[in-house]
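First up is the structure itself, then whatever we jot down about it.
The values are calculated or read from the model by the stated rules, or taken from the named source; none is laboratory data. This structure is a prediction, so every number in the text was calculated from the model and none was measured. Every residue, glycine among them, receives a Cβ derived from its backbone with ideal geometry; neighbour counts consider all protein chains shown.
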Amino acid sequence: MLVGLGVCVSIPNINIPNSKTMSIVKQVILNADEELRYPTPGELRMIRTFYKTGPERIRLAKTLEEKAQAIVDRGTRKFWQLCPRTPSNSGDRRKTEAAKRDVGWYIRLISYCLLAGNNRPLREIGLVGMKELYTNIGIPLTNILQYIRCLKAEAIALLDETDAAAVIPYFDEIIQELALPGPPYFMNDGIGESESVV
């Protein structure tokens with residue numbers, strides 16, 4: 001039996017916890033099973049590396065958790081300098097705390113990614129419908145993007161260079177996802193309604 005980071009694999013029986021976030025182990029097993037084969041030597045090396053890097057990923061997630069409040073507090077102050085006229089800076093303590101709680105959630109999602117060893121927590125639970133949510137409740141995406149950029153800058157300032165390098169790609173993915181146009185924006189590659197077909 002192999003046990004580590006919340007994943008339990010029994011041989012010959014496979015026991016994979018139900019989770020939306022797919023670990024590398026579960027991914028390898030599902031891929032091999034779908035192709036009716038055993039895991040390849042390369043896939044087994046990936047699993048071995050995943051377990052070897054487990055303590056470092058756990059340490060980094062814990063470090064991020066310990067610094068999360070400072071990242072959010074400093075990021076909020078920096079955001080207010082850039083966007084002083086915003087509900088979180090209106091003097092209403094409830095709005096300020098709600099905003100800090102909401103952006104702190106992104107820090108927590110990044111720690112989930114660090115533990116999983118991939119971006120699936122962002123893709124499966126973190127970014128789904130976020131642009132639409134902000135739009136529906138009247139929060140300008142430009143403000144959220146600026147806020148996330150401020151959090152990223154403070155995470156870089158508060159973490160050592162190696163730890164910062166591990167979290168930057170996740171911040172960048174959040175920023176990219178929120179910055180890209182989505183519905184109702186689309187590209188029309190066909191003939192427009194006002195154009196005649198000859």
Review point. Only one of (1) out of contact with any Pro (no Cβ under 9 Å at 6 or more places or on another chain); (2) exposed (fewer than 12 other Cβ atoms within 10 Å of the Cβ); (3) modelled with pLDDT of 85 or more is not met by residue 181, so which one is it?
Key: (3)
Practice item. Return yes when residue 63 is under 26 Å from residue 151 (Cβ atoms), in contact with a helix residue (DSSP H, G or I) (Cβ under 9 Å, 6 or more places away or on another chain) and not aliphatic (A, V, I, L, M) and no when it is not. Key: yes
Study note, to complete from the structure: Of the candidates 131, 152, the one satisfying the condition of being more than 21 Å from residue 24 (Cα to Cα), within 20 Å of the chain's Cα centre (by Cα) and at pLDDT 95 or above is 152
Point to revise | Cβ-Cβ under 8 Å pairs, at least 6 apart or on other chains, the stretch 49-70 side in contact (Cβ under 8 Å) with a residue 40 or more places away in the chain, far side of a type in the set (Asp, Glu) and in a helix (DSSP H, G or I) | key: 60/163; 63/163; 64/163; 70/154
Revision key, fill the gap. Residue set 36, 44; condition of a type in the set (A, V, I, L, M), at positive phi and free of Cβ contacts under 8 Å to residues at least 60 places away in the same chain; output residue 36
Study note, to complete from the structure: In the set 172, 163, the lone residue that is within 30 Å of residue 47 (Cα to Cα) and touching a residue at least 24 places away in the same chain (Cβ under 8 Å) is 163
Check your understanding: Mind checking which residues of the stretch 43-70 are among the small types (Gly, Ala, Ser), surrounded by fewer than 18 Cβ atoms within 10 Å (Cβ to Cβ) and either modelled with pLDDT of 95 or more or within 15 Å of residue 110 (Cβ to Cβ) (or both)?
Key -> 70
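Please go through the stretch 151-165 and give me each residue that is acidic (Asp, Glu) and not in a helix (DSSP H, G or I), ordered by number.
Let us first name the residues in the stretch 151-165 that are acidic (Asp, Glu), namely 154, 160-161, 163.
Of everything in the stretch 151-165, just one residue is acidic (Asp, Glu) and not in a helix (DSSP H, G or I), namely 160.
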Point to revise | Only listed residue being modelled with pLDDT under 95 and charged (D, E, K, R), chosen from 92, 73 | key: 92
Point to revise | Selected residue [under 25 Å from residue 59 (Cβ atoms), surrounded by 16 or more Cβ atoms within 10 Å (Cβ to Cβ) and in the same structural domain as residue 166 (by TED's automatic domain parsing)] from 88, 111 | key: 111
Check your understanding: Could you say whether any residue in the stretch 80-87 is out of contact with any His (no Cβ under 7 Å at 6 or more places or on another chain), touching a residue at least 12 places away in the same chain (Cβ under 8 Å) and closer than 21 Å to residue 157 by Cβ?
Key -> yes
